[in-house]
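J.: Below you'll find the structure I mean.
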Amino acid sequence: MPIVRSGDADINYNTSGQGIPVLLIMGLAADSAMWIMQVPALEAAGYQVITLDNRGVGASSSPPGPYTMETMAADALAVLDVLGIEKAHVVGVSMGGAIAQELALKAPERIRSLTLVSTWAETNEYTRRLDDLGRLILDNLGREALIRASMFWLFTPKLFIENPAMVDMIEQMAVAMQGNEAAFINQTAAVREHHLIDRLHEIAAPTLIVVGRRDILVPPELSERIAERIPNSVLTILDGGHAFTFEHADQFNAELVGWLASN
């Protein structure tokens, strides 16, 4: 497996397909396998797809923390550097969207377009309460209980009722990739401290913001605030919850491929 050294971390990455490069950055506690619904669609559309495991998950190392979005953006940049890619479309989901915001500010010349999925740009009372609840579950019931509870935050009731096999698959993947608790806590530290709302006006890349209308983990109001601040950005609200990239993969993939083709 290809590894690049970035600061104090070894970052695992993978490439597939041919064409204009698209860098995919995954969210909290999830490794690059969670792009399983998007990678084939992007390959079929004629793109070189680059995925990475953020520090602390997957085959990447777990150096001491706490981590920051800026550090993880540097990790993503190291992957582009080692591949010799000067400019790429960047797609980030949830925490990956926060990392993508940092990357767009850190190295704007490397961004062909930006797609921010199910993400946020500021701490507020809503995000603080969610964080407090997550820590309460983790401290009292453990990591697997937190993963099981998170399924209700990721998916709509409709998916549980009509396609429970998909929920089971994602839950099993999340349990399998959970890694060590210290690395999870280090990533959540970055989530708690992410606050770029006052700098978003500096992002010049063409930006698509996509959110699920029924997302209770990172609700549409937070994406609307991002759209208000990034000049000339486009906000699209799709059906589904936080993980609509699974629940409504075909719809999201069509939206994403159309956006990339136009930029």
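None of the figures in this text is laboratory data; all of them are computed from the coordinates on show. This is a predicted model, so every value here is computed, not measured. Cβ placement follows ideal geometry from the backbone for every residue including glycine, while neighbour counts extend to all protein chains displayed.
J.: Among Tyr126, Pro66, Pro21, whose Cα projects farthest towards the positive end of the dipole of region 3-261, with charges put on the beta-carbon of Lys, Arg (+1) and Asp, Glu (-1)?
T.: Pro21
J.: Here is a further query. When the chain is fully extended, how far beyond the present Cα-Cα distance does Ala189 get from Glu70, taking 0.36 nm per residue of separation?
T.: Net length gain for the segment: 41.6 nm.
J.: Quickly estimate the mean residue ellipticity at 222 nm for the chain, helices only: each DSSP H run with n ≥ 4 gives -39500 (n - 2.57), and the total goes over all residues, rounded to 500.
T.: -14000 deg cm²/dmol
J.: Would you work out the charge dipole size for region 3-261 about its Cα centre, treating the Cβ of every Lys and Arg as +1 and the Cβ of every Asp and Glu as -1, and quote it to the nearest 20 debye?
T.: Its charge dipole is roughly 160 debye.
J.: While we're on this one: By how many nm would the segment from Ile161 to Asn263 lengthen if fully extended, with 0.36 nm per residue of separation less the alpha-carbon distance?
T.: Extra length from Ile161 to Asn263 when fully extended: 32.9 nm.
J.: Now for a different question. What distance in nm separates the simple spin-label points at Asp81 and Glu125, each placed 7 Å from Cα in the Cβ direction?
T.: If labels sit at Asp81 and Glu125, their model points lie 4.3 nm apart.
J.: Amide H of Ile20 versus every other amide H placed in the peptide plane: which residues, excluding those fewer than 5 positions away on the same chain, fall under 5 Å?
T.: Long-range HN contacts for Ile20: Gln48.
J.: What list of ³J(HN,Hα) couplings, whole Hz, do you get for region 37-43 from phi and the Karplus terms 6.51, -1.76, 1.60, once you set θ to phi - 60° and write x for glycine and proline?
T.: So the J values, rounded to whole Hz, are 7, 9, 4, x, 5, 6, 4.
J.: Still on this structure, please answer the following. Can you give me the relative contact order of the chain as a percent, contacts being Cα pairs under 8 Å and 6 or more apart?
T.: 21 percent
J.: At 7 Å along the Cα-to-beta-carbon direction for both Ala176 and Gln18, put a label point, then send me their distance in nm to one decimal.
T.: Here the answer is 3.1 nm between the modelled labels.
J.: Follow-up question, since we're still on this one. Taking a ≥ b ≥ c as the square roots of the Cα gyration tensor eigenvalues, with a/c under 1.5 meaning rounded and otherwise prolate when a/b beats b/c, else oblate, which class fits region 1-57?
T.: oblate
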